[in-house]
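Down below is the structure, laid out as C-alpha cells.
The values are calculated or read from the model by the stated rules, or taken from the named source; none is laboratory data. A quick note: this is a predicted structure, and the numbers were derived from the prediction, not measured. Ideal geometry is used to build each Cβ from the backbone, glycine not excepted, and the neighbour counts take in all protein chains shown. In case anyone asks, the SASA skips ligands and DNA or RNA and just uses the protein heavy atoms, side chains included. Shrake-Rupley method; radii C 1.70, N 1.55, O 1.52, S 1.80 Å.
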Amino acid sequence: MHFAMPPRKTSRPPPYAARNQSGRIAIPPALRNLLRTRAGQLLVAGVTCVFLLIWLLSGGGTSSTRAAKVGGWTAASIPKVAVGTGPPVVVVTVIDPQADPAWIDKIRNNREEYAKRHGYQTFFPTPSQYPLKSSPTSWSRVPAIRHAIALYPGCTFIWYLDATALIMNPSIPLHTSVLAPPKLESLMISNAPVVPPDSVIKTFSNLKGDRIDFIVTQDKDGLAPSSFVIRNGEWAKFFLDAWFDPIYRSYNFQKAETHALEHIVQWHGTILAKLAIVPQNILNAYASGPASDTNGSFNEGDLVANFPGCDRDARDCFKEQHAYWEILEQGGK
Amino acid sequence: MSRSPSPHGGWSSPGLNTSYDNGGRHSPYVKGSSSHNVTWASAQARSAEVKGYPGFTPRNQGFFGKHFRRISTSLPFTHGDKEKLGRGRPPANKMMQLLTHIGRTLWRLRKIVALVLLVLLIPMLRNSNTALRRTWRRSPWLGGGSKYVVILAANQGGGVMEWKGPREWAIERDSVKNKKKYTRNWGYDLEIVDMSTKKRYAHEWRESWEKVDTIRNAMRKYPHAEWFWWLDTNTFIMEPTYSIQNHIFNQIRDVTYRDINIYNPLNITHPLTDEYLDPETRSLVGDGKIDSVNMLVPQDCGGFNLGSFLVRRSVWTDRLLDIWWDPVAYEQKHMEWEHKEQDAFEYMYQNQPWIRPHVAFIQQRQIMSFPPGACGEKGDDPNIHYQEKDRDFLVNMAGCEWGRDCWGEMYKYRQLSNHLNRTYWEKFKDGLSDFFTRKVKKEDKKKN
C-alpha cells in the first residue's frame, strides 16, 4: 500500500529500551561482574552463611517440653451433605395425635399434594418426640425444624406451617415466587418495627435477599410464628437452639414461643440481621383472628389460609375450615 | 494538515492517529487508541491511567543504580597495577579492585583492626537481628504473630467497689510487664483493658459482664488477628520462650480434648443424644476438624475457667458473643451465676447444642496452672497444679483475692520464672558464686 506521505513521526518518543529485561532485578554492571568472579561468589556465600547461622542460633523458640497428650481427637466420619443438594423446601407441620384423625388426614394430604407438585418434602412430627419437659406443646415447632434439618440435610429451606393453616393456592412454588433473592428483596418490609405498633427495634433496611435466613410475618399483635421459613445452615442451628433454650421456656412468656421469639429478635443483632418480614398474606393470611390491618386477611389466591387458635379451647378446626375445604375440593376437580 | 500536535489545543484526529499507531510500531498510545473519537486529553489521561509504559524511563532509577557509579568512583584507588589486573578482563571491574584493596589494607594493618571491626559489627548484627526477628515473628506469612492478640484484664473489680492499695498496683504492674515482654518478643498484640466496675449501662444490669464487649472491641481493633487470648490480671507467664503457635496450635489435637468426658468435673452429659439433632451436633468431637474449633477453654476442678481462654474470630464466635448476655437469662439467674460469664457459658454449653461442636477443652496446665491453694491446699494434683520440673507455661493465681496473698504469689512466681529462664552467662555466674559460697561455708565449718 502506498501513502502520499510517509507516516508521521510520533511526538512522544517511545521509551528507551530498558537495558535489563523488565521483571529482572537491575544489578549494576560492576556488581554483576563481581558476582561472576570466584571471590565475589565466596563473599555472597559467606554473608548468607552468617545470616543463616544467626537465624539458626536465635532459634524458632523452644516448644513446650510437656506435650500432655490428653486429646488426640481426629476427624470424625460424618457425611457432610451440601446445602442445596436436597429438596428446595421441606414443609414441617407438628401434628397433635389427639386431634380428630379425619382432620389430621386432610391436613397431611393438603401438605403432601403441595409438596408433590413442586418437588418438596413433608415432615409431620408429634410434640411427644421432643424433650419439652413442662413447657407448652407449642414449643415443639422449634426442635421439629431442627429435626427436619437433620433428616434432610441437603434441603435449602424449611417451611414451618401450623396445623391450623391450609395451603389454599398450591400452584405457588414457594422457593421461586417468595424465596428467590430478588423476589424476597422486593417483598420484604425494611425499617419496620419488629413488634407492631411501636417497637424501637426495626428491621434492617440494607439486607440482601441471599443473606436472609429467616422469613416471617406479622399479624396485628406481633410476629406470627405460625408460618415461617428458615434457610438451612449453621445459622439455623444457632437460632433454633437459642430460641429453644430452657431459660426462655421456663420464663413464663405470656405467649410462650411467640414472645420468646420477639425477645431474641429484638435483643440479638445476629438474629435481627437475618430476619426479613414479608407482608402477611404472602405466607400467613388469616381467615379468622387478629390479622394485620393492611394485608393480613385471606383473599382468594393467597398461598395460605390460617385459622390461628382453632385447635385450642373448645374450637373445632374441621368445622371452621369447612367452607375452605370445599373450595379446595372444587378447585381440585 | 497540521504536523505539530498540540496537547493544549484539543487536538483530535483519531483517524490519523489510529492509522499511525496501528502501523506496526510499538507505541505508548496503542492501548488508548482502540476506541475512536478520542480527544488528545482523554487519550493522554487514559494512557496515564494504564501506566503500562511510563513516558520516559531513565535507566538505573533505584538508589544503588543512581549512586553506585559515583560512590565507586569517588573512593580512593591505587592505579599502580591496573594493567596487570585488567588483562583479559572487562575493565569496569572496580568493585573487585575496591575489595581487594580493602582486603590488602586490612591485611597490612594486621588483625587488630579486623578485631575492632568485628567487635563493632557483632552488636550491630545482634541489634538488627532482634529487629529482624521481630518482623519475622510478626509477619503473617512467616511467624504469624500478628494473628494473635492477648487481651489482659487490668483493674479487675477496681473503681467503685474498692480502692487499690500498693500491693494491687504492684501486682498489676508485674502482670502487665510480663505480658508486654512476652507479646513483644513473639510479635503478638497486647490489649490491656480496664475492667473497673463502672455504671456503664443505664439499667445497671450488665455490671461487670464486660468480657464479651471487650473481646468484641478487640476484634474490631485488630481486624487481621485471628485468635484472641483472654488473660486475667492474676496470671504470670512463666515460660516466655514458648510461643502460642508451638505450645498450643501446632499440637492442638494432642493438647486439647473435645470430648468433655475425658475430664468432666461438672458431669455434663455428652454427647447429646436427642434424635432431633444432626449427627455433627451429636458427635463426641464435632466434625473433628481443626478448623471447626472456635474456642479453647480450660477446665479446673470446678468446671470451666475463663481466666485464660482463647476465642477465634469467626461467625460462630460472633453469634456466641451476641447471645452470651441476655436480659431474660440475667434476670432469672444473676443471683445464682456467681461467676457471671463463666456460669452463663457453662449453662449455654449444656443447653444450646449448637455450641458444642465448636468448643475444645485445653488441658489446664497447658495454659493455666494453679498454685497451691486453688483446687487443693497441697498443690500436688498433676492435672491442675504448677510443676516446676515440667516448666509449665502460665500460672493463674485464681481466687488469690479470697484469703490468699496475691502479691506474695505473684512475687514468688516472678522470681521463679526469672530463675528458670536465666541466660547461660547468668547461670555461669550463679554457678561460680554458688561454688565459692559453698567453699566459704565449708571452711567456716572446718574452722568452727
Looking at A:Ser171, A:Ser199 in this structure, which one is at pLDDT below 90, away from every other protein chain (no Cβ under 14 Å) and open to solvent by 10 Å² or more (accessible area, probe 1.4 Å)?
A:Ser199
Quick one: which residue in A:Asp293, A:Asp313, A:Asp302 is outside any strand (DSSP E or B), open to solvent by 20 Å² or more (accessible area, probe 1.4 Å) and at positive phi?
A:Asp313
Hits in the range B:346-373 - residues which are open to solvent by less than 10 Å² (accessible area, probe 1.4 Å) and in a loop (DSSP other than H, G, I, E, B):
B:Gln352, B:Met368, B:Pro371
For the range B:317-344, name all the residues that are part of a helix (DSSP H, G or I) and more than 7 Å from chain A (Cβ to nearest Cβ).
B:Thr317, B:Leu320, B:Leu321, B:Trp324, B:Tyr330, B:Glu331, B:Lys333, B:Glu341, B:Gln342, B:Asp343, B:Ala344
Go through (1) among the hydroxyl-bearing types (Ser, Thr, Tyr); (2) more than 9 Å from chain A (Cβ to nearest Cβ); (3) out of contact with any Ser or Thr (no Cβ under 8 Å at 6 or more places or on another chain) for B:Ser308 and report which single condition fails.
(3)
Suppose the filter is open to solvent by 30 Å² or more (accessible area, probe 1.4 Å), within 32 Å of the chain's Cα centre (by Cα) and either modelled with pLDDT of 70 or more or of a type in the set (Asp, Glu) (or both); does B:Pro166 pass it?
yes
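Before we move on, is A:Arg108 open to solvent by 30 Å² or more (accessible area, probe 1.4 Å), touching a Phe, Trp or Tyr at 6+ places or on another chain (Cβ under 9 Å) and part of a helix (DSSP H, G or I)?
On the way: open to solvent by 30 Å² or more (accessible area, probe 1.4 Å): yes; touching a Phe, Trp or Tyr at 6+ places or on another chain (Cβ under 9 Å): yes; part of a helix (DSSP H, G or I): yes.
Answer is yes for this residue.
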Please enumerate the residues belonging to the range B:269-304 that are crowded, with 17+ Cβ neighbours inside 10 Å and within 23 Å of the chain's Cα centre (by Cα).
B:Ser292, B:Val293, B:Asn294, B:Met295, B:Leu296, B:Val297, B:Pro298
Condition check: open to solvent by 30 Å² or more (accessible area, probe 1.4 Å) and not in a strand (DSSP E or B). Does A:Pro153 satisfy that?
yes
Within the set of pairs 6+ apart or on separate chains, which have a first residue in the range A:147-158 that is assigned by TED's automatic domain parsing to the domain that holds A:Leu179, a second that is assigned to a helix (DSSP H, G or I), and C-beta atoms under 7 Å apart?
A:Ile149/A:Ala236; A:Thr156/A:His175; A:Phe157/A:His175; A:Ile158/A:Ile145; A:Ile158/A:Ala148; A:Ile158/A:Ile149
Odd one out for A:Glu234 among (1) open to solvent by less than 20 Å² (accessible area, probe 1.4 Å); (2) free of Cβ contacts under 8 Å to residues at least 24 places away in the same chain:
(1)
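For the range A:220-232, does any single residue satisfy the condition of being in a helix (DSSP H, G or I) and of a type in the set (D, E, K, R)?
Within the range A:220-232, the first condition is being in a helix (DSSP H, G or I), and the residues that meet it are none.
So far as the range A:220-232 goes, no, none of its residues is in a helix (DSSP H, G or I) and of a type in the set (D, E, K, R).
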Could you check how many residues of the range B:223-267 are more than 14 Å from chain A (Cβ to nearest Cβ), within 14 Å of the chain's Cα centre (by Cα) and open to solvent by less than 10 Å² (accessible area, probe 1.4 Å)?
4
Which residue, of A:Gly61, A:Gly86, is at pLDDT 80 or above, assigned to a loop (DSSP other than H, G, I, E, B) and either open to solvent by less than 80 Å² (accessible area, probe 1.4 Å) or more than 30 Å from B:Gly144 (Cβ to Cβ) (or both)?
A:Gly86
Taking the range A:229-255 as the region of interest, how many residues are under 18 Å from A:Tyr130 (Cβ atoms) and either in contact with a Leu (Cβ under 8 Å, 6 or more places away or on another chain) or more than 13 Å from chain B (Cβ to nearest Cβ) (or both)?
3
